[in-house]
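The values are calculated or read from the model by the stated rules, or taken from the named source; none is laboratory data. Since the structure is predicted, the reported quantities are computational estimates derived from the model, not experimental observations. Cβ placement follows ideal geometry from the backbone for every residue including glycine, while neighbour counts extend to all protein chains displayed.
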């Protein structure tokens, strides 16, 4: 096994080289080659997507990274160490593909159990449990046994246990399975928040639309092999076409544009009415219903991201309950400021250099006062910038604010 | 989570209601205003009860309120049942329900204490506490707990009132201890196998073992949780058994017989069962007597059948250990047989501490006449240190005693010599009386008290707990590589072999005999292999097969701990002391060595195992 160099340790959280896994039958005969000689690197601070259809070897790879399976051949290092090393588990959070929680424990007891496994003292643990339960919207049902939860609620508490130790590496195996669109959106927002805090996220999924919004780099597996990998932009950019987004055009304006493009030698132009994403519509409807006070029997609204997960500046080393409450209060101060009811405008794509042709320049310059017909896929945020959250945050519950402010 | 203020308000109102009811009612009662006092007490109790029930319902989600509710419901249910039985004249049933309440309440109160003890922030404690929660909330352990709590109080009242109290107490102790041993052993095996195998198959282990918890810590936590639960149950069962022996003893003795007979029965129970006695077996005054007789018998045996046992002049290689034991037993038996018009002196040694133990020693004996007796009674002369016997309590000589029945004669402990010896001379001097014999071993013994029943029972329960430690580790080890049903079967097999190890050893020795040229395991192994191939060569395949079975069986019994050797049940039922050497031996042999070996195997097996293993 070739040990990674110290430089590699700082740059890479996970390194896999020529990794294979062969499952044997009862008679120890080789039967299924689940992973076949893959090379995988997950860099520090990025969101890495491990994609593939069912049976492609994604979960097996993740289990080898976590030390739950022994590789048949190849090398794995996590934080520069063997995956079986207990010390690295302090910095890892894992959300498995299914709920593997104790059915007889309630939500609070579950988080308390996992918190103790990290040697957390009682005050710190209780404080984090309170914040996590509120974050995942299970604070009102925390005394109910996990066995009585719906699948989505179990996924939420699963996510909470994965975050109890404020991990540096978060491994999410099919995190949005069983979640409603609100929960899915919240998971994606959380991933982006965590990335901004410098955490590394390894995201394994076959729900490509969920992955596309949040990952920086991805590897696509099939048949136990990595078929393609790289930056999302590199993987998805089509070099054979250009997309223009304009405000709503009349038929005449559309015809004029097509004519101009035709004169420029651009043919086979497709024109489509702008469409918002189904997710955006869904969230908008739910938000409106919540604003009018319609009751629901399921999990409550998720709260803001727990402060200990995202604030690592200045007094981040101070994990005392008072300091954490103050940070939570600052986050809430942001929340109770007026927020737009609709989806916020995504960052507009940079305007291309003005063309020599005045018509094209007219077409591409923004029309004052017009809002975009549909929000495009959020551009990959520049390093160091904070991406605009994709969901509108409802006004914070005053009771929650009162509790946190003491 | 801070206690909500309304809960404190409810508690305060409850306290005020109780205080006001008791205060006003008591004041009026003291003023001899009986009717108003009764009215105040009645109204106050109803109001308190209603307020209590309201609060228990509203705050049922708060942990301690839920536990208090359960305790109150239990108390009301069993209390009312006991009261009803008492009113209807079924006093035994009333005591039984009270006993059930006591054991159940003890368990319910002990459980939060156990959880609190396991509430440290270390992973081992966390895993242990979760196991306790799993055992109770998933109902697996609860079934056995209910079994212990229901059956132990029920047992005393299944024993007929016509038999002697001493026998009833002995029977209760035997059955109760056997019941507790079996129930807790099976529960431990099932829990231990289930907790690991289910967490592996249902994958809860994924979430635990991807945290900073070593696999050995995980197993240690499981074992600690099992031992904590067993400690609680053993303590509750022990207290229950102790309480019900006292209930039995203080209740009416046998329904037959005179007051004097019943008093004697009561005293005998106290002194011979509910105590801790040490015993001494007789030895010949001349120590070579038995050895000479043994050699003589062996010689005669070989003379009669030289083909089977070898020629008398040759070295003794064809006599097995079992046959030697039989010859020795026969020699002993003859020495403890008294023909008519014969006397024999039996020396008891090691009685140096008897002086401090009490004023009297008990000579327990069971005479068995070899022929018919007119009144089924045996007349024996008894001398102590060559002086005529006089009962230390009554001063009377030894009366004619019933044949084939246990009897106790009290001897003054001051008669023990300084070197700790005491000579008992028995005379079969009644004309025409047939030969009287005493069984070697327990046919004649001297007992002296070295402690009380409570401490003795506690030591016995401690030995039981140590045995459960081995079973817990065995179950965990089996579950690391076997599925739940297979692990349970394997553990039950080992358990049965462990408790029946002495019987198994003897059976295997009789099943396929092996004659070694010299003592020792190497000579034995050589002889066994030689015989195996000899049998194969002679075409006696079944005999050769029996050799293999014996070797496998002996290897198995060698590996399992000899639990039969560390069984407190027969000792406690017979009023014998559970010696510290027995407790220490159990801790060392079973608790440290056997459990330690199994623990090492479990750690190795679990460390090698792939947690997310898939068999395709």
Region B:185-213 - residue that is free of Cβ contacts under 8 Å to residues at least 12 places away in the same chain and outside any helix (DSSP H, G or I) and, of those, nearest to the chain's Cα centre (by Cα): B:202
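Looking for whichever is in a strand (DSSP E or B) and surrounded by fewer than 18 Cβ atoms within 10 Å (Cβ to Cβ) here; the options are B:383, B:364. Which one fits?
Just a single option satisfies the conditions, and that option is B:383.
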Kindly provide the set of residues from region A:53-83 that are facing chain B (nearest Cβ under 9 Å) and surrounded by fewer than 18 Cβ atoms within 10 Å (Cβ to Cβ), ordered by number. A:70
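Per-residue answers, yes or no, for (1) buried (at least 18 other Cβ atoms within 10 Å of the Cβ); (2) within 14 Å of another protein chain (Cβ to nearest Cβ):
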| site | (1), (2) |
| --- | --- |
| B:536 | no, no |
| B:546 | no, no |
| B:551 | no, no |
| B:559 | no, no |
| B:570 | no, no |
| B:589 | yes, no |
| B:594 | yes, no |
| B:601 | no, no |
| B:611 | yes, yes |
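Identify the residue in region A:124-135 that is touching a residue at least 60 places away in the same chain (Cβ under 8 Å) and within 24 Å of residue A:187 (Cβ to Cβ) and, among all such residues, is farthest from the other protein chains (Cβ to nearest Cβ). If you could, list the steps in order and put the result at the bottom.
Taking region A:124-135 as the starting set, the residues that turn out to be touching a residue at least 60 places away in the same chain (Cβ under 8 Å) are A:124, A:127-128, A:131-132, A:134-135.
Those left that are additionally within 24 Å of residue A:187 (Cβ to Cβ): A:127-128, A:131-132, A:134-135.
Values: A:127: 11, A:128: 13, A:131: 13, A:132: 14, A:134: 13, A:135: 17 Å.
Taking the candidates together, the pick is A:135.
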Subset of region B:191-220 that is more than 10 Å from every other protein chain (Cβ to nearest Cβ) and farther than 15 Å from residue B:477 by Cβ - its residue that is surrounded by the fewest Cβ atoms within 10 Å (Cβ to Cβ): B:201
Please report, ordered by residue number, the helices (runs of 4 or more DSSP H) entirely within region A:132-221 with at least 3 residues that are over 16 Å from the mean Cα position of the chain (by Cα). A:151-163
Confirm whether residue A:21 is at pLDDT 90 or above, in a strand (DSSP E or B) and farther than 19 Å from residue A:217 by Cα. yes
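Residue-by-condition table, conditions (1) assigned to a helix (DSSP H, G or I); (2) at pLDDT 95 or above; (3) out of contact with any strand residue (DSSP E or B) (no Cβ under 6 Å at 6 or more places or on another chain):
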position	(1), (2), (3)
B:550	yes, no, yes
B:553	yes, no, yes
B:558	yes, no, yes
B:564	yes, no, yes
B:598	yes, yes, yes
B:603	yes, yes, yes
B:610	no, no, yes
B:613	no, no, yes
B:616	no, no, no
Looking only at region A:49-68, and only at residues there that are in contact (Cβ under 8 Å) with a residue 24 or more places away in the chain and in contact with a helix residue (DSSP H, G or I) (Cβ under 9 Å, 6 or more places away or on another chain), the one that is farthest from residue A:231 (Cα to Cα): A:66
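Residues to consider are B:182, B:127, B:146, B:132; find the one that is within 30 Å of residue B:268 (Cβ to Cβ) and either touching a helix residue (DSSP H, G or I) at 6+ places or on another chain (Cβ under 6 Å) or part of a helix (DSSP H, G or I) (or both).
B:182
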Might you check whether a residue that is under 31 Å from the mean Cα position of the chain (by Cα), within 20 Å of residue B:408 (Cα to Cα) and assigned to a loop (DSSP other than H, G, I, E, B) occurs anywhere in region B:339-349? yes
Test set (1) outside any strand (DSSP E or B); (2) surrounded by 15 or more Cβ atoms within 10 Å (Cβ to Cβ); (3) at pLDDT 90 or above - residue B:390 fails condition number: (3)
Mind listing whichever residues of region B:72-97 are surrounded by fewer than 17 Cβ atoms within 10 Å (Cβ to Cβ), modelled with pLDDT of 90 or more and under 31 Å from the mean Cα position of the chain (by Cα)? B:74, B:75, B:79
Against the condition farther than 30 Å from residue B:176 by Cβ and either in contact with a helix residue (DSSP H, G or I) (Cβ under 9 Å, 6 or more places away or on another chain) or surrounded by 13 or more Cβ atoms within 10 Å (Cβ to Cβ) (or both), how does residue B:244 come out, does it pass? no
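Restricting attention to region A:109-123, report how many residues are surrounded by 17 or more Cβ atoms within 10 Å (Cβ to Cβ) and more than 7 Å from chain B (Cβ to nearest Cβ).
Residues flagged as surrounded by 17 or more Cβ atoms within 10 Å (Cβ to Cβ) and more than 7 Å from chain B (Cβ to nearest Cβ) within region A:109-123 amount to 5.
Residues checked against (1) farther than 23 Å from residue B:611 by Cβ; (2) at pLDDT 90 or above; (3) exposed (fewer than 15 other Cβ atoms within 10 Å of the Cβ); (4) more than 14 Å from every other protein chain (Cβ to nearest Cβ):
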{"site": "A:27", "(1), (2), (3), (4)": "no, no, yes, no"}
{"site": "A:42", "(1), (2), (3), (4)": "no, yes, no, yes"}
{"site": "A:45", "(1), (2), (3), (4)": "yes, yes, no, yes"}
{"site": "A:48", "(1), (2), (3), (4)": "yes, yes, no, yes"}
Counting only residues that are surrounded by fewer than 20 Cβ atoms within 10 Å (Cβ to Cβ) and at the interface with chain B (Cβ under 8 Å from one of its Cβ atoms), which one in region A:91-102 is farthest from residue B:212 (Cα to Cα)? A:98
Which numbered condition trips up residue A:155, out of (1) buried (at least 21 other Cβ atoms within 10 Å of the Cβ); (2) in contact with a strand residue (DSSP E or B) (Cβ under 6 Å, 6 or more places away or on another chain); (3) within 23 Å of residue A:58 (Cβ to Cβ); (4) at pLDDT below 95? (2)
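Got a sec? Which of B:89, B:63, B:99, B:79 is closer than 30 Å to residue B:150 by Cβ and within 14 Å of another protein chain (Cβ to nearest Cβ)? Can you show your working first?
On the way: B:89 fails: within 14 Å of another protein chain (Cβ to nearest Cβ); B:99 fails: within 14 Å of another protein chain (Cβ to nearest Cβ); B:79 fails: within 14 Å of another protein chain (Cβ to nearest Cβ).
Of B:89, B:63, B:99, B:79, the one residue that is closer than 30 Å to residue B:150 by Cβ and within 14 Å of another protein chain (Cβ to nearest Cβ) is B:63.
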Looking only at region B:265-308, which residues are part of a helix (DSSP H, G or I) and free of Cβ contacts under 8 Å to residues at least 12 places away in the same chain? B:267, B:288, B:291, B:292, B:295, B:296, B:300, B:303, B:304, B:306, B:307, B:308
For region A:236-253, indicate whether the set of residues that are in contact (Cβ under 8 Å) with a residue 60 or more places away in the chain, under 15 Å from residue A:47 (Cβ atoms) and not in a strand (DSSP E or B) is non-empty. no
Flag if residue B:59 is surrounded by 14 or more Cβ atoms within 10 Å (Cβ to Cβ) and modelled with pLDDT under 90: yes
Give me the residue from region B:451-460 that is over 11 Å from the mean Cα position of the chain (by Cα) and surrounded by fewer than 19 Cβ atoms within 10 Å (Cβ to Cβ) and, out of that set, nearest to residue B:350 (Cα to Cα). B:451
